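Accompanying notes for the structure given below.
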Amino acid sequence: MTDESVRRESLAQVLGGRQGAIDASIPPVAFVVGWLVSGRSIGWGAGAAIAVAAALAVFRITRGGKARAVVVSVAAVAVAALIALHTGRAEDFFLLQLLSNVASALAWAASIVVRWPLLGVVV
């Protein structure tokens, strides 16, 4: 086996790198813009976020992006929009990401407590 066939992806590559961070930021911005422009309509904000997420998905697929990552990101935006629509509170659009960050922080902290830090596992 050659070095190239065994080459591993870095954590940044797995997470999508700079482009992944930008792509993850655009649908929430679209939600806020749609919500504000429409006179604080959660429906319009959710529609804007889903439309932008779908457009990004098409763009990423045509550029050779990983289909699974694209589907997961669109699904996450759709679930966030449904949560906001169901509760009637625009700020709940961000609830899924907030809970995900809390779970991640708890997992990292727990791994330190049990003396098996996830950072070492990842690296």
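The values are calculated or read from the model by the stated rules, or taken from the named source; none is laboratory data. What you see is a predicted model; the values in this text were computed from it and never measured. Glycine gets a Cβ as well: all are built from the backbone with ideal geometry, and neighbour counts include every protein chain shown. These accessible areas exclude ligands, DNA and RNA; they are computed on the full protein's heavy atoms, side chains included. Shrake-Rupley method; radii C 1.70, N 1.55, O 1.52, S 1.80 Å.
Need pairs with beta-carbon distance below 9 Å; first residue under 17 Å from residue 83 (Cβ atoms) and within the range 32-51, second aromatic (Phe, Trp, Tyr) and surrounded by fewer than 20 Cβ atoms within 10 Å (Cβ to Cβ); sequence gap 6+ or separate chains. Pairs that qualify, where the first residue is under 17 Å from residue 83 (Cβ atoms) and the partner is aromatic (Phe, Trp, Tyr) and surrounded by fewer than 20 Cβ atoms within 10 Å (Cβ to Cβ), are 34/44; 35/44. When we screen 48, 67, 55, 30 for residues that are under 30 Å from residue 122 (Cβ atoms) and under 18 Å from the mean Cα position of the chain (by Cα), the only hit is 67.
Return a yes/no flag: does the range 100-119 have any residue that is surrounded by 12 or more Cβ atoms within 10 Å (Cβ to Cβ), polar (S, T, N, Q), part of a helix (DSSP H, G or I) and within 19 Å of the chain's Cα centre (by Cα). Within the range 100-119, not a single residue is surrounded by 12 or more Cβ atoms within 10 Å (Cβ to Cβ), polar (S, T, N, Q), part of a helix (DSSP H, G or I) and within 19 Å of the chain's Cα centre (by Cα). Within the range 63-95, which residues are open to solvent by 60 Å² or more (accessible area, probe 1.4 Å), assigned to a helix (DSSP H, G or I) and modelled with pLDDT of 95 or more? Selection gives 79, 82, 85, 86, 87, 91, 94, 95.
Evaluating residue 8 against the criteria (1) in a helix (DSSP H, G or I); (2) at pLDDT below 95 leaves one unmet condition, (1).
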